[in-house]
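Novice: The following block contains the structure, expressed as structure tokens.
The values are calculated or read from the model by the stated rules, or taken from the named source; none is laboratory data. Please read all numbers here as calculations on a predicted model, not as lab measurements. Cβ sites come from the backbone with ideal geometry, for glycine too, and all protein chains shown count toward neighbours. To get the accessible areas, we keep the full protein, side chains included, count just its heavy atoms, and leave off ligands, DNA and RNA. Shrake-Rupley method; radii C 1.70, N 1.55, O 1.52, S 1.80 Å.
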Amino acid sequence: MTAAAASGLPSGRLLVGLLALTLSAGCASGADPNGAAPGRTDECLTGTLRASSTEVEEFLVLEGPEGPAVPLADRTEEGIRWLSGAELRLCGLRSAAGALGVRSFELLTVDGATAHLGVVRQQGETLVLDPGGSLPAVVLLSPPARLLQAQGRTAWVTGRRTGDGLVVQAYGIRPEDG
């Protein structure tokens, strides 16, 4: 059981609707847009998301504790690039070239702290982070002004748990362009 699960807060599990649409676009036909062989099952990997580059291109890789970094398929980069540096669990199919076409992800930690992912919303007088689905919203205590202004946007938040919610210590807001 994770520390987040033990605390009763969501662990960051969330398929952001927009991301899900972005990542699944083109999959409805049954053909995987990332070139994975039909009939294969998702593979899940945990590691740190890193931006990498060559002289001619920039791309994302997942650096795990064991083995070489795993490149991510081009179609999946836009939706998660903003999480670069975070620890994630990515699930998807590998292409013949070894790139992982991400179908879903779970945000685990940011700078070693349990991270919560969701949409910033106002509920009455309270600001919350809504992870979607059946998971409960996280009440955000002492949110900075920029987070208050991010209503309707996807964000991650880390902080100290109290009986009333989560005291915001760090956060990141998904850029509007991706």
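Novice: Being charged (D, E, K, R) and surrounded by fewer than 18 Cβ atoms within 10 Å (Cβ to Cβ) is the filter here, so list the residues in segment 78-103 that pass it.
Specialist: E78, R81, R89
Novice: State yes or no: is S84 of a type in the set (S, T, N, Q) and either at pLDDT 95 or above or more than 15 Å from G47 (Cα to Cα) (or both)?
Specialist: no
Novice: If you don't mind, another one. Pairs needed: first member in segment 122-136, at positive phi; second member anywhere, in a loop (DSSP other than H, G, I, E, B) and crowded, with 17+ Cβ neighbours inside 10 Å; C-beta distance under 8 Å; at least 6 residues apart or different chains.
Specialist: G132/L14; G132/L15; G132/V16; G133/L14
Novice: Another one. With a cut-off of at least 1 residues that are small (G, A, S), modelled with pLDDT of 95 or more and in contact with a Lys or Arg (Cβ under 8 Å, 6 or more places away or on another chain), name the strands (runs of 3 or more DSSP E) lying wholly within segment 114-178.
Specialist: By residue number, 154-161.
Novice: Run G47 past the list (1) out of contact with any Pro (no Cβ under 9 Å at 6 or more places or on another chain); (2) at pLDDT 80 or above; (3) more than 25 Å from P136 (Cα to Cα) and report the number of the one that doesn't hold.
Specialist: (1)
Novice: Inspect segment 131-140 for any residue being closer than 30 Å to P65 by Cβ, in contact with an Asp or Glu (Cβ under 9 Å, 6 or more places away or on another chain) and open to solvent by 50 Å² or more (accessible area, probe 1.4 Å) and give the result as yes or no.
Specialist: No - not one qualifying residue is present in segment 131-140.
Novice: Another one. Are any of the residues in segment 15-35 surrounded by fewer than 16 Cβ atoms within 10 Å (Cβ to Cβ) and at pLDDT 95 or above?
Specialist: Within segment 15-35 (the criterion being surrounded by fewer than 16 Cβ atoms within 10 Å (Cβ to Cβ) and at pLDDT 95 or above), the answer is no, since none of the residues qualifies.
Novice: Also: Could you check E106 against (1) surrounded by 14 or more Cβ atoms within 10 Å (Cβ to Cβ); (2) among the acidic types (D, E); (3) without any contact (Cβ under 8 Å) to a residue 60 or more places away in the chain and say which number it fails?
Specialist: If we test E106 against (1) surrounded by 14 or more Cβ atoms within 10 Å (Cβ to Cβ); (2) among the acidic types (D, E); (3) without any contact (Cβ under 8 Å) to a residue 60 or more places away in the chain, just (3) comes out false.
Novice: Sticking with this structure for a sec: Taking the condition of being in contact (Cβ under 8 Å) with a residue 40 or more places away in the chain and assigned to a strand (DSSP E or B), how many residues in segment 60-103 meet it?
Specialist: So the answer is 12.
Novice: Could I ask something else about it? Working carefully through the options E176, E125, find the one that is within 23 Å of A86 (Cα to Cα) and either among the charged types (D, E, K, R) or open to solvent by 70 Å² or more (accessible area, probe 1.4 Å) (or both).
Specialist: Exactly one of E176, E125 is within 23 Å of A86 (Cα to Cα) and either among the charged types (D, E, K, R) or open to solvent by 70 Å² or more (accessible area, probe 1.4 Å) (or both), namely E176.
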